[in-house]
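The values are calculated or read from the model by the stated rules, or taken from the named source; none is laboratory data. Quick caveat: nothing in here was measured; it's all calculated off a predicted structure. As a convention, Cβ positions derive from the backbone with ideal geometry for all residues, glycine included, and neighbour counts pool all protein chains shown.
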């Protein structure tokens, strides 16, 4: 039982990190960024490439190396996210929704098969594998790397939360989410804020990618597809557009999945997740923390 | 209406098309021409390989014309379209194997199952914003594939094999060339059906919903019902495509129904021209034949697909052969019969009849 809860929270913190990017972008420009899951995959591959270029890393240094790579990857994936926004989404800012969604699918496709063309279609084994002793806490087996990754994830989320609540850029983001035209009239540089949003969201997804690669040890070019869907589910559960909702939704989805696969068997895990998504959209489309939004014409 | 809509930007084609080329593109005989080409093809190339590819292309045309109903006419993005094909293929396979029925006799079962699947996914999500539908359909595609992978009735990862071919009036049509002809006729009828649907009353309602859902609702269209209808028609077309697919390959497995396939069908619709059946047919033929010619490029060809998808949306969102807007009668009621609500090609704009925005009268 405690083991299930811990596993759920651990996986859920990955979901939460990716869901944050989904939710931020959606909150600000009402765009479902399909390429977001692939940014996660890209993060794993960039982490793989940089770690491999370091050569052999002694086991004692693996955490330090991982942190450096994490930072580096976050910057690169952030930049790529900004690039995608600039090239694919910005020209279509005023187009119908359908056009932007199709572009997002195109961006996702380009990233997936671009990586497979460069890195090869076969799965790669991550050069650093986090290993450590395990502790018994209340009957659950918890390993040291799990704790490290969880702490990094929580720190990133807390950092993002205070960034959005305390800084002027964060205030600008909240303002644009409320009323883009009004913010423009108030002198907010909307394009700059959107660029930053994409940077932060993609950086978080990249971080999650490196962490997942280091923890699970195996990466492949389609790994972002399912996780992107799950992150979206997490964002919907929490109420899309809501930052705290995304974190809550991620953790909750992790728990639901842990219990669901316990009951139904591991091969039904993903089916269960999507069933949860459909159930949520039917019963409570605004999510747990989302507000009811009436569309203005 | 005429006061609210900027009718000076609405395309109106009254009278004859201006150039000979566009007259050719809009000629009514074009469909017969394509049908004739499809019929003549086996006389030119009848190797098993060519027939195999041609039949696949014809089935792909059926899928694209079905997705065109959902995406092109109604403007709903369905990213899990292949799931309906999977439902149709598995239903046909299971039913025909279990009761030893010819595949064509499974059509009622296929229809029931695909309509059910369309209702299960469409009913909850079509009430929401259209982009939710996109991601839910993406999830639905995965659910179907994983379920087929996990259940024993669907044969698990190895799928179902030994599905019988098509028999009709005592004739065995399971050889490559007869089966190809059967597919051509079957698909032509359905493509014609989808084109007619687009011109029907329901089709006009779809277009209205695509252009402006709120206005459509205000004008008395029950947008939810109309959208659900589009979704279910799309599901039926996809399911029948799946049935043909099962009969064609005689073996189906979950690997045939991955997201990549959904994306390729979408690609055919978007490139061909959303809402224009002719464009979609050409797009489907091109997209299904292209991988045969680009085999050496491996996965790089999908990178190109992705880039092309972005470029088309940015530079020419109406596709290469866009739907033209026609007015049913030469009235000047100022109704906005706009095409896909995106940018219009320059050629189109040149041919506009100038209209007085205030009264809707031709100047």
**Complete:** Note on residue A:71: of the conditions (1) assigned to a helix (DSSP H, G or I); (2) closer than 30 Å to residue B:271 by Cα, unmet is (2)
**Prompt:** So which of B:89, B:109, B:123 ends up being within 11 Å of residue B:243 (Cα to Cα) and over 18 Å from the mean Cα position of the chain (by Cα)?
**Reply:** B:109
**Message:** Can you report the number of residues in the range B:121-151 which are within 8 Å of chain A (Cβ to nearest Cβ) and farther than 26 Å from residue A:99 by Cα?
**Reply:** 4
**All positions within the range B:300-316 that are within 19 Å of the chain's Cα centre (by Cα), facing chain A (nearest Cβ under 7 Å) and more than 9 Å from residue A:113 (Cβ to Cβ)** = B:309, B:313
**Asked** Of the conditions (1) under 27 Å from residue B:47 (Cα atoms); (2) out of contact with any helix residue (DSSP H, G or I) (no Cβ under 7 Å at 6 or more places or on another chain); (3) surrounded by 19 or more Cβ atoms within 10 Å (Cβ to Cβ), residue B:187 fails just one. Which one is it?
**Response** (2)
**Prompt:** Taking the condition away from every other protein chain (no Cβ under 14 Å) and under 22 Å from residue B:31 (Cα atoms), does residue B:161 pass?
**Reply:** no
**Item:** Hey, residue A:178 at pLDDT 90 or above and away from every other protein chain (no Cβ under 14 Å) or not
**Value:** no
**Asked** Could you say which residue among A:94, A:33 is under 22 Å from residue A:172 (Cα atoms) and surrounded by fewer than 16 Cβ atoms within 10 Å (Cβ to Cβ)?
**Response** A:94
**Request:** Report yes if residue A:280 is more than 9 Å from every other protein chain (Cβ to nearest Cβ), without any contact (Cβ under 8 Å) to a residue 40 or more places away in the chain, surrounded by 17 or more Cβ atoms within 10 Å (Cβ to Cβ) and within 23 Å of residue B:122 (Cβ to Cβ), otherwise no.
**Result:** no
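This table checks each residue for (1) within 14 Å of chain B (Cβ to nearest Cβ); (2) within 20 Å of residue B:300 (Cβ to Cβ).
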| residue | (1), (2) |
| --- | --- |
| A:68 | no, no |
| A:72 | no, no |
| A:84 | yes, yes |
| A:88 | yes, yes |
| A:96 | yes, no |
| A:99 | yes, no |
| A:106 | yes, yes |
| A:111 | yes, yes |
| A:116 | yes, yes |
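Yes or no, residue by residue, for (1) closer than 17 Å to residue B:226 by Cα; (2) in contact with a strand residue (DSSP E or B) (Cβ under 8 Å, 6 or more places away or on another chain); (3) surrounded by 24 or more Cβ atoms within 10 Å (Cβ to Cβ):
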position: B:57; (1), (2), (3): no, no, no
position: B:79; (1), (2), (3): no, no, yes
position: B:82; (1), (2), (3): no, no, yes
position: B:123; (1), (2), (3): yes, no, no
position: B:130; (1), (2), (3): yes, no, no
**Message:** Against the condition over 20 Å from residue B:31 (Cβ atoms), outside any helix (DSSP H, G or I), touching a helix residue (DSSP H, G or I) at 6+ places or on another chain (Cβ under 7 Å) and modelled with pLDDT under 75, how does residue B:359 come out, does it pass?
**Reply:** no
**Asked** What about residue B:259, is it within 30 Å of residue B:105 (Cβ to Cβ) and surrounded by 20 or more Cβ atoms within 10 Å (Cβ to Cβ)?
**Response** no
**Prompt:** Would it be correct to say that residue A:188 is more than 27 Å from residue A:276 (Cβ to Cβ), more than 14 Å from chain B (Cβ to nearest Cβ) and in a loop (DSSP other than H, G, I, E, B)?
**Reply:** yes
**Complete:** Note: among A:205, A:246, A:275, A:212, just one is in a helix (DSSP H, G or I), within 13 Å of chain B (Cβ to nearest Cβ) and either at pLDDT 85 or above or surrounded by fewer than 21 Cβ atoms within 10 Å (Cβ to Cβ) (or both), namely A:275
